[in-house]
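Reviewing the structure listed below.
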Amino acid sequence: PGVAQAAKDHFQCQNMEGVELENEGAAMSKGSHLERRLFYNEIMTASINEESVVSDITVTFLEETGWYKVNYNFAEQLEWGEGKGCNFINGKCIEGKKAAFHEFCDQKNEWGCSYSGTYKATCSMSKSKTSIDAAMDYFGDNIKAGDPFADNCPYQFPLFDCRVPNYRLNFLDEEFGSGSRCFTGNAVRADKGRGSSFKYFRCLKSECVYSSKKQKNILKISVGNETVYCQNDFDKITINGY
């Protein structure tokens, strides 16, 4: 019952009957792991990905086996689906060929950022050579998502870690390292002459800072020699000189 309650609290859906298990793959994954569509990077899904976390759902499970004494202070935050309600669990990931939740994507192979914002990523999809279950053929043309465990739900698949020193695009003023995160936008330095209609994804140095004026934490972002602040989710910011 503790695992179910941890999941109910995570999704903010007290009507959940239990925790959904994986329904795809072979015997080592099907029925013995958490459902990828709902739990994405929780370490107890069918495969470990680049952003795996050990959430309080897994910690609670370990405690309830009776074999472990656990310390919940070491549980990591699972952001995927957090607070999204019962519709996230019972509804479709794609409605009318559009992503029903921000966790998912609907533009085939479009570049962007992973859900956690730590990776450059792509909306991984391809044409399937075999027929897809009609209930999961969200685009009506036999398009298959890149993850074989996610009920054919496409999401931004992580590729390049912004936190690791890597190749950078100078005209985007990228910066890789432990404090960097992925951002999307069309801002390019004016002296580089690039059109503003093209959408770029980039790694930029960022950190949470407290705003006494706003009485909350906001995001400080460094772009070249400029510093800008993001105060709310999905804010669009104009940068001087770009």
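Relative to one another, the C-alpha centroids of the range 140-163 and the range 1-46 are positioned 18 Å apart. Relative contact order for the chain: 13 percent, from Cα pairs under 8 Å spaced at least 6 residues apart, divided by residue count. Our Cα-only numbers for the range 13-66 put the radius of gyration and Dmax at 11.4, 31 Å.
Taking every DSSP helix (H) stretch of at least 4 residues in the chain, weighting each as -39,500 (n - 2.57) and dividing the sum by the residue count yields a mean residue ellipticity at 222 nm of -3000 deg cm²/dmol. Mind scanning Lys205/Lys236; Lys92/Lys220; Lys8/Lys69; Lys92/Lys214; Lys8/Lys220 and naming the pairs with a C-alpha gap bigger than 28 Å? Over 28 Å apart, Cα to Cα: Lys92/Lys220; Lys92/Lys214; Lys8/Lys220. For the chain, the Cys residues with no second cysteine's beta carbon closer than 4.7 Å are Cys208, Cys230.
Estimated at the nearest 10 Å², the accessible area of His33 is 40 Å² with a 1.4 Å probe. With contacts taken as Cα pairs under 8 Å at a separation of at least 6 residues, the range 72-157 carries a relative contact order of 25 percent. Where the alpha-carbon atoms of the range 44-98 are placed on the principal axes, they occupy 46, 25, 19 Å, in descending order. Rg then Dmax, both in Å and based on the Cα atoms of the chain: 19.8, 63. Against the longest principal axis of the chain, how steep is helix 2-11, in degrees 0 to 90 to the nearest 10, with axes from Cα atoms? Taking Cα atoms only, the helix is inclined about 30 degrees.
Which of Lys213, Lys97, Lys69 ends up with the largest GNM mean-square fluctuation for the chain, with Cα atoms connected below 10 Å? Looking only at Lys213, Lys97, Lys69, the biggest GNM fluctuation is shown by Lys213. Prolate is the label for the range 113-242, because the ratio a/c of its alpha-carbon gyration tensor axes (a ≥ b ≥ c) is 1.5 or higher and a/b is greater than b/c.
Run the paramagnetic zone check for Ala4: 7 angstrom along Cα to Cβ, then residues of the range 17-47 with backbone nitrogen under 12 Å. Under 12 Å, as judged by backbone N against the label point of Ala4, lie 17-20 of the range 17-47. Contact order for the range 73-117, expressed relative to its length and based on alpha carbon pairs under 8 Å spaced 6+ residues apart, stands at 28 percent. Once the C-beta distance of Lys199 and Thr65 is scaled by a Förster radius of 41 Å, the resulting FRET efficiency is 0.30 to the nearest 0.05. In the Gaussian network model of the chain, springs joining C-alpha atoms below 10 Å, which of Met136, Met28, Met16 carries the largest mean-square fluctuation? Judging by the Gaussian network model, the answer is Met28.
The values are calculated or read from the model by the stated rules, or taken from the named source; none is laboratory data. The structure presented is a predicted model; accordingly, all values stated were derived computationally and were not measured. Positions of Cβ are generated from backbone atoms using ideal geometry, with glycine treated the same way; all protein chains shown enter the neighbour counts. In case anyone asks, the SASA skips ligands and DNA or RNA and just uses the protein heavy atoms, side chains included. Shrake-Rupley method; radii C 1.70, N 1.55, O 1.52, S 1.80 Å.
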